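Down below is the structure, laid out as structure tokens.
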Amino acid sequence: MQIKSYISKRYSLLLGFSGWFFLFSLLLRLFFLIWQLNDLDLSIFSLIRILCTGLAFDIGVLSFLFVISTFYLLLIPQKLIGSKLDKVIVYLGFSLTLLIFVFTFFAEITFWEEFKCRFNFVAVDYLIYTFEVVQNIHESYPLYVLIPSMFLITGIIFYYFWKKHFFEETFQNKTAFRFRLVNFLVSILLMLFYVVFVTNSAAEWSKNRYSNEISKAGIYSFFAELRNNKLDFKTFYNSIADEEAFKIIRANLKEDNAAFLTNDFSIKRKISDSLNANSKPNVVFVLIESMSASFMTEFGNQENITPFLDSIANQSLFFKNLYATGNRTVRGMEAVTLSIPPTPGQSIVKRPNNANLYTISNVFKSKNYQCNFFYGGDGYFDNMNAFYGGNGFDIYDRGRGSILSDAIKTKRYNIDDNEVTFENAWGICDEDIYNKMVKVADENYKKNKPFLNFIMTTSNHRPYTYPSNKIDIPSGSGREGAVKYSDYALQQMFAVAKNKPWFKNTIFVFIADHCASSAGKDEIDVKNYQIPAIIYGQNLIQPQKVTKLCSQIDVFPTLFGQLHWSYTSNFFGTNVLKKAYKERALIGTYLKLAHKTNENVCILSNQKKNANYKWNPISNHLLLLPENKSKLFETIAWYQTADYLHLNNKLK
């Protein structure tokens, strides 16, 4: 009893901190439970499962802290215990650790508000792009309240530990080296157990996604995603023979005007058009930040926040049943530029060795087009400059000193201060980036050079700020205002373009990168992947509403079909308007990969699991169905072949 008492007092501060962490983690978990109460299938059993699973992951978080703390307590000589050096290290270490954990709890609440999940790979990315993230937080939240609150909470907890003599017991009690060694070794073994055997996906025990996310621990999730930023398909997902996978995909891509160029594991083919038109209209392609289909009146919205898009939809080739491939901008970029399903893990836009791929720029450059990429922020963010610069686009961005690699041969142009009227954390407002695009279009027109101008917008993004007195919703008041301003800026750009000599020979393509929110109670929230897509060309594109189920990856192949171009394709997307087109959508969440055909949704999970569902578009819920081998193999084939081509450098 004397030894146990001795040890507990020496480790009292560490044990006390652990108790505090368990309490706050429990309160945060209960807070999320109340927040999502209407979306949870809550029962006594599921509540106990959530709390017990959460406790297990909380222990995993503490295991890492225990290793550091017990290592220090092991090394410090007994004669230095309670010395000034010991006190400085303990006080400082405790205070910093406490502040970091308090900050993490605050950060988890704001992250949940935006993404409805615990820290994931987005949080890992945000750690890299500190400028944009810090600015966004500064512009989105009252830091003058949050920061003092964090320090106040930290101070109160510190005072409690001091008042209850936790520090005093730690500094005044000593224990034998062998007992300190045992404690350290036990901590090491516990940590290794979590590192080797406990994956973050172990928390995914429920069909309800919110239950799974609340069961996790934010810090544990963060470091799990840091480790798993790239996933090998065959290691983590059910697979079939490559021969079978490519046989299925080539059958899906088969068209009367498409001839495969090789018989090996490839989808490269020659697309021939009987008209083989030599027309070279300019193309202005706008990838609109977070423009969900549900924002448009055409899809049932009654708030009238997209009047321009709604008006032009009826004059365009308008896709009424099109789905984004993912829930991040880089996924949208990957889909439209490479015309490829979302491979598991990080987007190809952010992976190494992603230059000189076969992209839409190759098709345009074969027709002697000038390809330009416009972004209102620093294109270093999300690796955009490296990707587009390495794949044939000249870059126009708001760079802050970052430079292109010497290996990238395209040009980069900075957007100057005198071209900017409004700027927030993510970049200049949409009006400013469109004005820059129009200037470059004028220059290309004077050179008699057809152009593809690819614009990535930023205004429809938290903190939802934009120039004042443009629309009837105040800047910074919320998503609806940002959506309406984004629509307004498109209308202004269109009005300016109409007076340009190049307008009548220009096609405008408007499509979202992803929805404003993609999270829901099901593992894939299907409705929150539906986005609008519009192809407009005065006297160039025949207006039509397309109700066929399709994907972002089909937009450019459909455009090329409208232009009657013959070209080489290494794309998974096809012309939606062809009779042979097979309806499907490919959507993913970084770990979950889905294949939608009509109301059937087959989902692959990274634990080599799959599930087959019927989707109810009214309730937006998935009803589990028996396994369908044909659907499963087709789903596997889409993702396995995409992963194979990328890993084996066959997208070059």
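The numbers here are math on the coordinates, done by the rules we state, and not lab data. Here the structure is a predicted model, which is why all the values come from computation and not from measurement. Every residue, glycine among them, receives a Cβ derived from its backbone with ideal geometry; neighbour counts consider all protein chains shown.
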Note to self: If I take R0 = 25 Å and measure r between the Cβ atoms of Asp264 and Lys367 in this structure, what FRET efficiency does the formula 1/(1 + (r/R0)^6) give, to the nearest 0.05?
What the structure shows: 0.35
Check: When a footprinting reagent is the concern and you count Cβ atoms within 10 Å, what order do Tyr466, Tyr590 take, fewest first?
Finding: Tyr590, Tyr466
Checklist line | the stretch 555-570 - phi-based ³J(HN,Hα) in whole Hz, Karplus 6.51/-1.76/1.60, Gly and Pro as x | finding: 5, 6, x, 5, 4, 4, x, 5, 7, 6, 8, 9, 7, 8, 10, 10
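From the P(r) of the stretch 518-592, could you give the percentage of C-alpha pairs in the tail past 14 Å?
66 percent
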Item checked: Point-to-point label distance, Ala56-Asp417, nm (Cα→Cβ direction, 7 Å offset) -> 5.7 nm
Item checked: Contour minus Cα-Cα distance for Thr297 and Ser566 (0.36 nm per residue) -> 93.2 nm
Notebook entry, point to check: Non-local amide H neighbours of Ile507 (under 5 Å, H modeled in plane, Pro and chain starts lacking H): which ones?
Noted result: Asn282, Val283, Val284
Next item on the list: State the extension gain, in nm to one decimal, for the chain segment bounded by Ser272 and Lys608, taking 0.36 nm per residue of separation less the distance between their alpha-carbons.
Entry: 117.0 nm
Next item on the list: Could you calculate the FRET efficiency of Gln315 with Arg49 from 1/(1 + (r/R0)^6), where r is the beta carbon distance between them and R0 is 51 Å, rounded to 0.05?
Entry: 0.45
Next item on the list: Can you tell me the relative contact order of the stretch 307-395? Whole percent, Cα pairs under 8 Å, sequence separation 6 or more.
Entry: 23 percent
Next item on the list: Provide Rg and Dmax in Å for the stretch 2-227, with only Cα atoms included in the calculation.
Entry: 19.1, 58
Margin query: Counting only other residues whose beta carbon sits under 15 Å from that of Thr558, what net charge do I get with K and R as +1, D and E as -1?
Written below: +3
Margin query: Testing the spin-label approximation: label points 7 Å from Cα along Cα→Cβ at Val196 and Ser279. State their distance in nm.
Written below: 6.5 nm
Margin query: Full-extension gain between Trp35 and Phe106, please, as 0.36 nm times their residue separation minus the C-alpha to C-alpha distance.
Written below: 24.1 nm
Note to self: Using only the alpha-carbon atoms of the chain as identical scatterers, what base-10 log of I(q)/I(0) does the Debye formula give at q = 0.07, 0.08 Å⁻¹?
What the structure shows: -0.51, -0.65
Next item on the list: Taking 7 Å along the Cα-to-C-beta vector as the label spot, tell me the Ile240-Leu624 distance in nanometres, rounded to one decimal.
Entry: 2.4 nm
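With n ≥ 4 as the cut-off for DSSP H runs, can you work out [θ] at 222 nm for the chain, using -39500 (n - 2.57) per run divided by the number of residues, rounded to the nearest 500? Mind dumping the intermediate values first?
On the way: 21 runs with 292 residues, N = 652.
That calculation yields -14500 deg cm²/dmol at 222 nm.
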Notebook entry, point to check: Based on the alpha-carbon gyration tensor of the stretch 426-556 and its eigenvalue square roots a ≥ b ≥ c, which shape applies: rounded if a/c is under 1.5, prolate if not and a/b is larger than b/c, or oblate?
Noted result: oblate
Next item on the list: Any chance you could check the Cα centroid distance between the stretch 420-448 and the stretch 184-220 for me, in angstrom?
Entry: 47 Å
Next item on the list: Mind listing the long-range amide H neighbours of Ala533? Cut-off is under 5 Å, sequence gap 5 or more, other chains count too, H placed in the peptide plane at 1.01 Å from N.
Entry: Phe319
Next item on the list: Have a look at the DSSP beta bridges in the chain and tell me what percent are antiparallel, nearest 5.
Entry: 55 percent
Check: What ranking do Asp397, Asp86, Asp232 get, fewest neighbouring Cβ atoms within 10 angstrom at the top?
Finding: Asp232, Asp86, Asp397
Item checked: Ascending count of other beta-carbon atoms within 10 Å, so fewest first, for Ser206, Ser272, Ser477, Ser551 -> Ser477, Ser272, Ser206, Ser551
Item checked: 10 Å beta-carbon shell around Gln78, net charge (K/R +1, D/E -1) -> +3
Checklist line | Residue-by-residue Karplus 3J(HN,Hα) for the stretch 71-84, coefficients 6.51, -1.76, 1.60, Hz, glycine and proline x | finding: 5, 5, 5, 6, 7, 5, x, 4, 5, 9, 5, x, 6, 4
Note to self: Explain nothing, just the number: relative contact order of the chain, from Cα pairs under 8 Å at least 6 residues apart, as a whole percent.
What the structure shows: 19 percent
Check: Given a Förster distance of 41 angstrom, what is the FRET efficiency for Leu27 paired with Leu647, based on the Cβ-Cβ distance and rounded to 0.05?
Finding: 0.40
Next item on the list: For Gln544, list long-range residues whose amide hydrogen, built 1.01 Å from N in the peptide plane, is under 5 Å from its own amide hydrogen.
Entry: Ser316, Leu317, Phe318
Note to self: Show me, for the stretch 287-297, the HN-Hα J-couplings you get by feeding each phi into the Karplus relation (A = 6.51, B = -1.76, C = 1.60, θ = phi - 60°), rounded to Hz, glycine and proline as x.
What the structure shows: 9, 8, 4, 6, 8, 4, 4, 5, 7, 8, 4
